[in-house]
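**Student:** Take a look at this one; I'll ask things after.
The values are calculated or read from the model by the stated rules, or taken from the named source; none is laboratory data. None of these values were measured; they are calculated from a predicted model. Glycine also receives a Cβ, built like all others from the backbone with ideal geometry; neighbour counts cover every protein chain displayed. Ligands, DNA and RNA are excluded from the accessible area calculation, which covers all protein heavy atoms including side chains. Shrake-Rupley method; radii C 1.70, N 1.55, O 1.52, S 1.80 Å.
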Amino acid sequence: MAFRQALKLAVCGLAGGSAAVLFSAVAVGKPRGAGGSDAESRWASPEAPTWAERVRPGPASGVWDSNWDKREPRSLINLRKRSTETGEEEITSKLDNFKARATRHIFLIRHSQYNLDGSLDKDRTLTELGREQAELTGGRLASLGVKFDKIVHSSMTRAIETTDIISKHLPGVNRISTDLLREGAPIEPDPPVSDWKPEARQYYEDGARIEAAFRNFIHRADAKQEEDSYEIFVCHANVIRYIVCRALQFPPEGWLRMSLNNGSITHLVIRPSGRVALRTLGDSGFMPPDKITRT
């Protein structure tokens, strides 16, 4: 019990922030049993990355953590070292300055089908079918009738080319490229799979980066944001599946239990209260059956 209390205090003390996010990134999840489960022993193994061993955020009871993104107003005041003499009435008035008022709509797009024979990233260009898929995805997004604020995309070739095509359907929407959203191995999956076994080094390198992408991009709106936002993120299946698990506070080790089609749309909604809802997961119903792939 003492360990859990200490862990909870440690988690509550963590502060979010893009500047330090790469250095503070940690993975999350819960062991399956109270004592000595496979998941728990794997975290303690020598192969487990140190950033993953340091702390396991999230309440052990399974109750929703309303301050999961460290943007709950009262915690923001605490982080600013408020005076002990400040009265509760003054604190209440200050809270309003830190409250989010807008809802963020996050559209996570998996890149289209690409050339699997390419040995280098620059050779892994979209196939002809992949280009058709991106056109369909772009058309679907445009048909939603919302004003998109930005498109953030992975710096990998297949994601860039998918974004190029989608952007034609959304003229004027600003584009941002980032290495954080590049494909990788986020965390050792549970249950494991026999045909995909990255080295421990890959989890160590990719896992911290993908966790950093989650912390940097997935959170409630800033208090200064006045209107709801609609944001597109074009990236990769492993990244999207991990982000979904983290956003819903599900054990992230389960990310590989989900499957995403090429060009599919995953829609997350983040309310001002910090509540998160999954509107769609890997939607590709707007594509004809003969255009759907999962490579």
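**Student:** Could you look through segment 123-167, keep only residues that are within 19 Å of Ile240 (Cα to Cα) and of a type in the set (Gly, Ala, Ser), and pick out the one that is farthest from the chain's Cα centre (by Cα)?
**Tutor:** Here the answer is Gly130.
**Student:** Considering each residue of segment 158-175, count those that are of a type outside the set (D, E, K, R) and either at pLDDT below 95 or open to solvent by 70 Å² or more (accessible area, probe 1.4 Å) (or both), and give that number.
**Tutor:** 3
**Student:** Something else now. Which condition number does Tyr204 fail, the rest of (1) under 14 Å from His105 (Cα atoms); (2) in contact with a Pro (Cβ under 8 Å, 6 or more places away or on another chain); (3) aromatic (Phe, Trp, Tyr) being met?
**Tutor:** (1)
**Student:** Would you call His153 within 15 Å of Thr295 (Cβ to Cβ), modelled with pLDDT of 95 or more and in contact with a strand residue (DSSP E or B) (Cβ under 8 Å, 6 or more places away or on another chain)?
**Tutor:** When the stated conditions are applied, His153 does not pass them.
**Student:** Sticking with this structure for a sec: Got a sec? Which strands (runs of 3 or more DSSP E) wholly within segment 179-295 have at least 3 residues that are open to solvent by 30 Å² or more (accessible area, probe 1.4 Å)?
**Tutor:** Answer list for segment 179-295: 276-283.
**Student:** Does segment 145-157 contain at least one residue that is open to solvent by less than 10 Å² (accessible area, probe 1.4 Å), among the β-branched types (Val, Ile, Thr), part of a helix (DSSP H, G or I) and touching a helix residue (DSSP H, G or I) at 6+ places or on another chain (Cβ under 8 Å)?
**Tutor:** There is no residue in segment 145-157 that is open to solvent by less than 10 Å² (accessible area, probe 1.4 Å), among the β-branched types (Val, Ile, Thr), part of a helix (DSSP H, G or I) and touching a helix residue (DSSP H, G or I) at 6+ places or on another chain (Cβ under 8 Å).
**Student:** Out of (1) modelled with pLDDT under 95; (2) of a type in the set (Lys, Arg); (3) open to solvent by less than 20 Å² (accessible area, probe 1.4 Å), what's the single condition that is false for Arg104?
**Tutor:** Unmet condition: (1).
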